[in-house]
Structures are given as structure tokens and as C-alpha cells.
Amino acid sequence: MKAEENIESKAEELKGSATKDRRNNWGWMRFGFFVFGALLLYIFNSNHTTKALKEKNKLSNELKELNAEKVFLESQVTNASKQTEVAKKLEGTGVAPLKNPPIKIEKEEAK
């Protein structure tokens, strides 16, 4: 009788410990899922940040190039609009710069 009771009590103990093991395993599995999800989020965020930084650098370089081109074109326009440059371009057409300053014409007021 005692042997049967011992066997039954051991069986009950093993059932109880199996249930505890399942609960304990479920806790570790939940923790593992949480860590896995956090890692996925971290990887996604890292990739997104890398892409954004590459795009920012590309746009920054493009902006620098456009700014340099703007300065170059402004200097060309400034140089081309100087009086001496305009006179050189109009030499063959017969148009020349004024030798005398312009005269101001005033209208007489009627009394």
C-alpha cells in the first residue's frame, strides 16, 4: 500500500512540477517574443535613420553645387553688365557710349 501511495504522490508531484515548468516556460517565451520584437523595431529604426541620413547628405551636396552655380552665374551677369563690356559688344553696331553727360530738359511753367 505504501509503495502505491508513494507512486501516486510522486505522480502528483511530477504533474505539479510539469505545470510549473509550462508556466515558467511560457514566461520565458513571452520575454523572448518581447526581445525579438524590440530587436525588429531597433533594426527597422536603424535602417530608416541610415536612409534618411544618406538622403540628407545627397541633398546637401546638391544644394552646395547649385549654390556654387548660382554664384558663378551671378558673377558672369555682373561682369557682362559692366559698361566697358557692353561697349565692347556694341562696337561693330555703331552704338557708342556718350561722350557728354545727358542734358536735363525742363518744362517751363505757364503763369
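Based on what the data block shows, is A3 modelled with pLDDT under 90, loosely packed, with under 10 Cβ neighbours inside 10 Å and part of a helix (DSSP H, G or I)? For A3, the condition - modelled with pLDDT under 90, loosely packed, with under 10 Cβ neighbours inside 10 Å and part of a helix (DSSP H, G or I) - is met. For segment 67-101, the candidate set comprises residues that are modelled with pLDDT under 90 and of a type in the set (D, E); within that set, the residue that is surrounded by the fewest Cβ atoms within 10 Å (Cβ to Cβ) is E91.
Going through (1) charged (D, E, K, R); (2) at pLDDT 95 or above; (3) part of a loop (DSSP other than H, G, I, E, B) one by one, K104 falls short only on (2).
The values are calculated or read from the model by the stated rules, or taken from the named source; none is laboratory data. Note that this is a predicted model, so its numbers are computed, not measured. Cβ coordinates were reconstructed from backbone atoms using ideal geometry, including for glycine residues, and neighbour counts include every protein chain displayed.
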